[in-house]
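Encoded as structure tokens, the structure appears first; notes follow it.
Computed from the coordinates by the stated procedures, all read-outs in this text should not be read as laboratory data. The model shown is predicted, which means the values in this text are computed figures rather than measured ones. With ideal geometry, Cβ positions are generated from the backbone for all residues, glycine too; neighbour counts draw on all protein chains shown.
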Amino acid sequence: MENKTGKYLKYAFGEIVLVVFGILIALSINNWNQKIKNQELYQSYLKSLITDISQDNIEIENIIKLYIIDSLKISVYRKELTKDSASLDDLIQIILNDWDPSIRSLRSFNTQTYDALVNTGNIDLIEPDIMKSLGNINELQEKYLAFIEEFLDFYRKSGDPSIITSVGSYSVLNEGPIVGHLVEAIDKIRFANYFNIKLTLKRNTYRVCINLLGTIQNENFKLLNLIKEKVES
């Protein structure tokens, strides 16, 4: 009887060991599979971040070029209109033939991957230094977007819109005898003052925007280098 009991206990103990061993193996396999999935997701996030940041840099580069080109045109206007021989008629001709009253801007950035990391709680998959850099860049982006939105609203409301838009290269009637009558009817002193306001606002905002976007671009390049070091080929 005792021998049977001992054999039974040994058998039961062996069964328990096998079950526990099986559970440990299953847990190890699950953990291993989860690590593989996390690594794949991690690499996917890194590659998506590279795409987002690279696209941002292209768009930033293009808009900075536009700011620089328009800033140079403003400098040319200033040079021409501050000559001793300059007249109000010269200013009117600039408005009629060359003046672009619009200001282009970036209205958003490519933050899809960053937003996904934050919204899904998967930020733990990404190294703290990368997340910190992403957060800093996001703050700079928000700063630029807030500035340009506030400025554009102010720019549209500054001066007398009817004066700026009544004639000009972007108005429907910008040539022919009717335009001549419109120009004759304009209060040229008021027109010059408001045009000067627009030029000054444009020039100053370009300086701020070029500085902000340049900082964002530099931080993007640093982050790209950091991320590329961790991406598997």
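Modelled spin-label separation between Lys157 and Glu229, with each label point placed 7 Å from Cα along the Cα-to-Cβ direction: 4.8 nm. Extension gain for Ser108 to Lys37 (0.36 nm times residue separation, less C-alpha to C-alpha distance): 22.4 nm. Inter-part distance, the stretch 37-75 to the stretch 119-157, computed on C-alpha centroids, equals 13 Å. Using a simple spin-label model with pseudo-atoms 7 Å out from Cα toward Cβ, Lys73 and Ala86 lie 1.7 nm apart.
Over 24 Å apart at the Cα level, from the set Lys65/Lys143; Lys83/Lys157; Lys83/Lys198, are Lys83/Lys157.
Where does the charge balance sit around Tyr155 when Lys and Arg score +1, Asp and Glu -1, over other residues with C-beta under 10 Å from its C-beta?
Here the count lands on +2.
Taking a Cβ cut-off of under 13 Å around Leu106, the surrounding Lys, Arg, Asp and Glu residues balance to a net charge of -1, with basic ones at +1 and acidic ones at -1. Taking a straight Cα-Cα cut-off under 20 Å and skipping sequence neighbours fewer than 8 places away in the same chain, the lysines within cross-link reach of Lys230 are Lys35, Lys37, Lys47, Lys132, Lys222. The simple Förster model, with R0 at 45 Å and r as the Cβ-Cβ distance, assigns Ser54 and Asn204 a FRET efficiency of 0.90. Across all directions, the shadow cast by the convex hull of the stretch 53-114 built on its C-alpha atoms averages 5.1 square nanometres. Other residues lying with their Cβ under 12 Å from the Cβ of Tyr42 contribute a combined charge of 0, Lys and Arg counting +1, Asp and Glu -1.
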